[in-house]
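First comes the structure, then the notes that go with it.
The values are calculated or read from the model by the stated rules, or taken from the named source; none is laboratory data. Note that the coordinates shown come from a computational prediction; the quantities given were computed from them, not determined experimentally. When we count neighbours, we look across all protein chains shown, and the Cβ atoms used for this are built from the backbone with ideal geometry, even at glycine. Areas reflect the complete protein model, heavy atoms only, side chains present, ligands, DNA and RNA absent. Shrake-Rupley method; radii C 1.70, N 1.55, O 1.52, S 1.80 Å.
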Amino acid sequence: MSKFQAPKGVSEYYPPNSQQFEYVRDQLLRTARLAGYKLIELPVFEDTEVFTRGVGESTDVVSKEMYTFEDRGGRSITLRPEGTAGVMRAVIEHNLDKGQLPVKLFYTGPFFRAERPQAGRYRQFYQVGIEAIGFNDPEIDVEVISVAQTAFKALGLKKFKLNITSLGDSSSRENHRKDLVKFISGLKLDEATLARAQINPLRLFDDKREEVKAAMAKAPLLLDYLNKESKQHFETVQGLLKNIGIDFQINPRMVRGLDYYTGTTFEFDHQMLGAQSGIGGGGRYDGLMSSLGGADVSGIGFGLGIDRILLACQAENSLPAELNEIDLFVAPITEAGKAAAFKLISELRLSGVTCDMAYGDRGLKGAMKAADRSGAKYGLVIGDDELATGNCQLKSMSSGQLISSNLDASDLLEKLGKK
RNA sequence: GUGGGCGUAGCUCAGCUGGUAGAGCACCCGGUUGUGGUCCGGGAUGUCGCGGGUUCGAGCCCCGUCGCUCACCCCA
C-alpha cells in the first residue's frame, strides 16, 4: 500500500473506466452544442461573495459545504460548489448580456463541496451545465429541459424521471411562506427540524423521515399560491413539454437547495441509483443577475452530474462496449522493422488513424500479444521480408483474416477504410 | 456532525469452535526460431490496515486507532 492516498471523497477516473467517463461527458457536451450553446470556461475558484450572495447564505451549500480559504493577498476565495453563480459573475463582468438575447452558454469541469461522501456524492464532482440568459418565455424553459432529456437519451438511458414544479414569483412565494410558517408552528417537531424550518420552511417538504412526511401531508403547497401570471407560465411550459413528447411528473413538494431559483424548477431522478438519485436539475433564476450587481435579466439553466450519470449508464448497461478503439497495432520484429514502424504510425496518426506499436524485445509472439491486449482492430507485422518486398499482411484481430497491402501509409489507409 | 458495514496477493474474495494463508482473474516464462486469443506446463507476489492486550500460539478473541464504504442531513 502506498503512503499517499487521494483526499477523502474524491472521484478519480483512470483506464478503462476513464474512457466511459470521457464518453459520457462528450455526449452531454455534444447535446449542448447541438442546441446552439457555446462554451464558457471559467476559474474553479471565485471571490467567496459570488456564492454567498448568489447561492444564498441560508443554503446548506454555502453555510457548511464550501471549501473557503484566504489567498496570499488576504482575499477570501472559494472553490466553486456549483456553476451558475460564477457564470453570472462572468456574464456581468464581460457584458455578455448586452448583445443579442438569449445568451446560450455551456460549461464543464469539477465542483467542490465539503460533504460526507457516499455513493454518487463526492467532494470533487463533475458537471456539465447550460445557461440560457435574457429570456423568460416558457419556450426557453422547455428548451433547457429538452436538452437534458436529449442528452440522457443519447446515452441510452431509460430509467429516469423528470419532476417539475414552479416556485412562482416573489409575491406568490411570500404569500405561501406566511401560511406555511403558520402551519409548521402548529406541528410537533424536534428542535433540529424546527431550526431548518426557520431558515427555509420549504425544506421540510424534502424530509425523508416518515413522521415528518406524515406531518407535512396537509401542508399548504406553493403551487396553489401561484398568481395568475406565474400559473399561466407554468401551464404553458407543461403544454409545450407534452407537445414535444417529454414525460414529466408535477411534484409540488420538490425542493431545490439553492436560493436563487424562481418559477420553473426541475429535477431528473434515476431509478437504479442509491440515495443520491438526482442526475441533473435546474430551474429559472430571475433575480440572480441583479443580486450579483448586474442588470435585472432573467435566466434558466441546469447542472448535470457526470459522475452520477456514469453510474446510471453502468446500471443500465447503456454504454458502447468498445470505446476509443485502436485501429492499428504494429508489431516490428527487427531493428529495421522498428524504425519503419515508427515512421509508419506517425504518418497514419497524422491522417487520423488511432495506432500504437509494440515496444521492447519480446519477440513476435509478445508483440502480437500486445496487439491483442490493446484491443486493436488490425495488427501488422513488420520484419525483414516486408521491408525487402514492400508488401505486408494486415491482420484482422477479430477474424484472423489476412489482407495483403503495400507497406506504405497511403495503401494502408485505404485498406483500413480511412480514406 | 450522527449511525451501520467492511479492511487478507495488482483485482474480486475464501479462510471452520484460535494451530504463523489460499482460490479465481490478471501478470511473467515455456510448449511454438514470422502471427494474438483457446489449451497445457511452470513462476513471482502478502509487514492479513496500524498499535496494544489475552494466549504456549492470533488473519480469527478484546481494546484503541486510521482508512474505506453505505445511510441520515443536504445535493449533481
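Using 0.36 nm per residue of separation minus the Cα-Cα distance, give me the extension gain between A:Lys161 and A:Arg72 in nm, one decimal.
Once the chain is fully extended between A:Lys161 and A:Arg72, it gains 27.4 nm.
Please list 3J(HN,Hα) in residue order for the range A:182-190, calculated via the Karplus relation 6.51 cos²θ - 1.76 cosθ + 1.60 where θ = phi - 60°; whole Hz, with x for glycine and proline.
Computed from phi, the couplings for the range A:182-190 are 4, 4, 5, 5, x, 9, 9, 10, 6 Hz.
Need one number: the % of Cα-Cα pairs in chain A sitting beyond the 38 Å mark.
More than 38 Å apart: 37 percent of the Cα pairs in chain A.
Taking only C-alpha pairs under 8 Å that are 6+ residues apart, what is the relative contact order of chain A in percent?
16 percent
In the range A:328-415, what % of DSSP beta bridges are antiparallel (nearest 5)?
In the range A:328-415, approximately 50 percent of DSSP beta bridges are antiparallel ones.
For the pairs A:Lys159/A:Lys182; A:Lys153/A:Lys242; A:Lys343/A:Lys415, flag any whose C-alpha to C-alpha distance is greater than 28 Å.
Among A:Lys159/A:Lys182; A:Lys153/A:Lys242; A:Lys343/A:Lys415, the Cα-Cα distance tops 28 Å for A:Lys159/A:Lys182.
First select every other residue whose beta carbon is under 12 angstrom from the beta carbon of A:Ile403; then total the charges, Lys and Arg +1, Asp and Glu -1.
For residues surrounding A:Ile403, the net value is +1.
Counting alpha carbon pairs within less than 8 Å and at least 6 residues apart, what relative contact order, in whole percent, applies to the range A:1-134?
The value is 29 percent.
Taking chain A as the reference, fit the longest principal axis to its C-alpha atoms, fit the long axis of helix A:228-243 to the helix C-alpha atoms, and give the angle between the two in degrees, 0 to 90, nearest 10.
Rounded to the nearest ten degrees, it is 30.
Highest GNM mean-square fluctuation, chain A, Cα pairs closer than 10 Å: which of A:Ala85, A:Ala367, A:Ala339?
A:Ala339
Between 0 and 90 degrees, rounded to the nearest ten: what's the tilt of helix A:363-374 against the longest Cα principal axis of chain A?
Roughly 20 degrees, rounded to the nearest 10.
Between A:Ile130, A:Ile326, A:Ile403, where does the largest GNM mean-square fluctuation fall for chain A, given springs only between Cα atoms within less than 10 Å?
A:Ile403
How much accessible surface does A:Ile92 have with a 1.4 Å probe, in Å² rounded to 10?
Surface open to solvent at A:Ile92 totals about 40 Å².
Would you mind telling me which residue in A:Thr265, A:Thr236, A:Thr108 has the biggest mean-square fluctuation in a Gaussian network model of chain A, where springs connect alpha carbons within a distance under 10 angstrom?
Residue with maximal mean-square fluctuation among A:Thr265, A:Thr236, A:Thr108: A:Thr236.
Can you figure out the FRET efficiency of A:Asn391 with A:Lys418, using R₀ = 22 Å and their beta-carbon distance, to the nearest 0.05?
Taking R0 as 22 Å, the efficiency between A:Asn391 and A:Lys418 is 0.65.
When we measure straight from the Cα of A:Lys218, which aspartates and glutamates land under 18 angstrom away, once same-chain ones fewer than 8 places off are left out?
Result set, ordered by chain and number: A:Asp179, A:Asp206, A:Asp207, A:Glu210.
Cα gyration tensor of the range A:328-415, axes a ≥ b ≥ c as square roots of the eigenvalues: rounded (a/c below 1.5), prolate (a/b > b/c) or oblate?
The shape class here is rounded.
Using a probe of 1.4 angstrom, how much of the accessible area of the range A:328-415 is carbon and sulfur, in percent?
On the range A:328-415, the fraction of accessible area on carbon and sulfur atoms equals 51 percent.
Between A:Asn317 and A:Asn17, what is 0.36 nm times their sequence separation minus the Cα-Cα distance? Round to one decimal in nm.
Extra length available between A:Asn317 and A:Asn17 comes to 106.7 nm.
Tell me which residues come under 5 Å, amide H to amide H, from A:Tyr378 once H is placed; ignore anything under 5 positions away on its chain.
Here A:Leu328, A:Phe329, A:Met397 satisfy the definition.
Under 12 Å from the Cα of A:Lys64, which aspartates and glutamates turn up, not counting those fewer than eight places away in the same chain?
In chain and number order, the partners are A:Glu115.
Enumerate the calculated ³J(HN,Hα) couplings along the range A:70-84 in order (Karplus 6.51 cos²θ - 1.76 cosθ + 1.60, θ = phi - 60°), each rounded to whole Hz, writing x wherever the residue is Gly or Pro.
So the J values, rounded to whole Hz, are 9, 7, 5, x, x, 7, 8, 10, 9, 5, 4, x, 6, x, 5.
Calculate the FRET efficiency for A:Gln198 and A:Asp137 from the Cβ-Cβ distance with a Förster distance of 30 Å, rounded to the nearest 0.05.
0.25
Could you order A:Lys159, A:Lys8, A:Lys188, A:Lys104 so the one with the most accessible surface comes first? Probe is 1.4 Å.
A:Lys188, A:Lys8, A:Lys159, A:Lys104
Report the Cα centroid-to-centroid distance between the range A:322-382 and the range A:44-58 in angstrom, as an integer.
Going from one Cα centre to the other spans 51 Å.
What are the ³J(HN,Hα) values, in whole Hz, obtained from phi via the Karplus relation 6.51 cos²θ - 1.76 cosθ + 1.60 with θ = phi - 60°, for each residue of the range A:305-314 in sequence order, with x given for Gly and Pro?
Couplings: x, 5, 4, 6, 5, 4, 4, 5, 4, 5 Hz.
Roughly what % antiparallel, to the nearest 5, for the DSSP beta bridges in chain A?
80 percent
Could you work out the longest stretch of chain A that avoids the chymotrypsin sites (Phe, Trp or Tyr not before Pro) located in DSSP loops with at most 12 other Cβ atoms within 10 Å?
A:5-358
Please work out the average accessible area per residue across the range A:328-415, using the 1.4 Å probe convention, and give it in Å².
53 Å²
With the crude spin-label approximation of a point 7 Å out along Cα→Cβ, what separation in nm comes out for A:Ala275 versus A:Gln249?
2.0 nm
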